[in-house]
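The values are calculated or read from the model by the stated rules, or taken from the named source; none is laboratory data. Worth saying up front: this structure is predicted, and the values here are computed from it rather than measured. Note that we place each Cβ from the backbone using ideal geometry, even for glycine, and neighbour counts take in every protein chain shown.
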Amino acid sequence: MDTTLLITEAKARFNHNSAKTYLKDKYDSKFIVADQSGLWRANLETINFLNSSTDEQVILIDTFNNPVKVNRTSLLYKLADTYKNVMEEWHNEWADLEKKR
Amino acid sequence: MTRGVLLFAFNSPKYNYYEMAVATAKRINHFLGLPVTLVTDSESLPVKQSYEFDNVILAPADKSNRRDWGVWYNKGRYRAYQFSPYDETLLLDTDYMVNSDKLLKTFDLPTDFCCHDTTSFLMHPKAAQEMLSVYSFNTLWATVIMFKKTKRAEQIFNCLEMVQNNFEHYANIHGFIAATFRNDYGLTLATRIVNGQTTPNEDIIPWNLLHVGKNTSAYSNTKDEFNTEYTVMFDNWNRGKIRKEYITIKDTDFHVMNKENFMELISE
């Protein structure tokens, strides 16, 4: 099906709010990382905590609310990398959608 | 350690679930790189098969379930544990459109059983979460289940069989209508029973199940067999008039509730 024609003939309007919600849903799930027997969210709070600590091992509460002892640098590397890549993808897709009318 | 996907497909007078399973299996092979085992009956299996499943398990369909649009052969999902030839299994509905490798993440979760408890509807951002009834629990979803061959997972599926066999009794307790058996409801009750009337966080897939729901249709943006870009069109009713609205999505798995729409998508 030619979706461009479909949109034109149906006089359909691009719904920016729904698109924004969809993108948030899509990319939220990509921040989730399973590592060192815990499940983590690559968010600024966790990354900043790991970055500011100097200990080799730290104990963190994972997304299942379990305290997990982790190797700090290894987890920091993984979460920071995930955060950067996902945000970049999200931003690119968002910028594309912003152009639609 | 073996991994694979299990699909159940029993053709009804209205829908060809075998055809849906073939299309879904091809996408599973392509995006997840996993083999697919099909559970079906001899009536659904065509003489000439265009696709070779990893295994085909023949089992009689339980034809005792009805829905508003006709007969619905969805019972017997509890047999998944017994039928799966894999150590780690993804049990999917045949109308689940795989567009990414996201489901592989479920195998990394520190659990032996998980499914969705939260849904999002494309173009319906404020849709409420479904509950068994207003007095009961949020529904878990049987659309995507990951399980490993453990005692606990086996107990959940055994319990699902028990709930299916006594569905009316549980409907009376929880205040929902028992006329149509739903695996989602059965699963919700079975997991709670096995887990001591709780739902552990570990049993929940940590992202939403995305539905293409009521008044919404998805269309492929390209004719590629493994297309991952779609236009999702929504009929927005406002003061007795329909206003068409759309968004575009890509590389996103979704569950198509409207079977006609799913058939259109796989035949485009």
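Structure values in brief
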item	result
When residues of region B:204-246 are limited to those that are facing chain A (nearest Cβ under 10 Å) and charged (D, E, K, R), the one nearest to the chain's Cα centre (by Cα)	B:229
Options B:166, B:183: the member that is over 26 Å from residue B:210 (Cα atoms) and either at pLDDT 90 or above or surrounded by fewer than 22 Cβ atoms within 10 Å (Cβ to Cβ) (or both)	B:166
Number of positions in region B:156-188 that are free of Cβ contacts under 8 Å to residues at least 60 places away in the same chain, aliphatic (A, V, I, L, M) and over 17 Å from residue B:81 (Cα atoms)	4
All positions within region B:116-137 that are under 20 Å from residue B:254 (Cβ atoms), assigned to a strand (DSSP E or B) and either of a type in the set (Ser, Thr, Tyr) or away from chain A (no Cβ under 13 Å) (or both)	B:119, B:120
Which listed residue, of A:14, A:31, is at the interface with another protein chain (Cβ under 10 Å from one of its Cβ atoms) and more than 17 Å from residue A:91 (Cβ to Cβ)	A:14
Residues located in region A:65-101, provided they are under 18 Å from the mean Cα position of the chain (by Cα) and of a type in the set (Gly, Ala, Ser)	A:80, A:95
So residue A:20, is it basic (Lys, Arg) and touching a residue at least 40 places away in the same chain (Cβ under 8 Å)	yes
Subset of region B:111-139 (residues that are in contact with a strand residue (DSSP E or B) (Cβ under 8 Å, 6 or more places away or on another chain), under 30 Å from residue B:247 (Cβ atoms) and free of Cβ contacts under 8 Å to residues at least 60 places away in the same chain)	B:129, B:130, B:131, B:138, B:139
Given (1) crowded, with 20+ Cβ neighbours inside 10 Å; (2) outside any strand (DSSP E or B), index of the condition residue B:172 fails	(1)
Some residue of region B:137-148 being surrounded by fewer than 17 Cβ atoms within 10 Å (Cβ to Cβ), touching an Asp or Glu at 6+ places or on another chain (Cβ under 7 Å) and among the β-branched types (Val, Ile, Thr)	no
Complete set of residues in region B:238-263 that are out of contact with any Leu (no Cβ under 8 Å at 6 or more places or on another chain), among the charged types (D, E, K, R) and in contact (Cβ under 8 Å) with a residue 40 or more places away in the chain	B:245, B:250, B:251, B:259
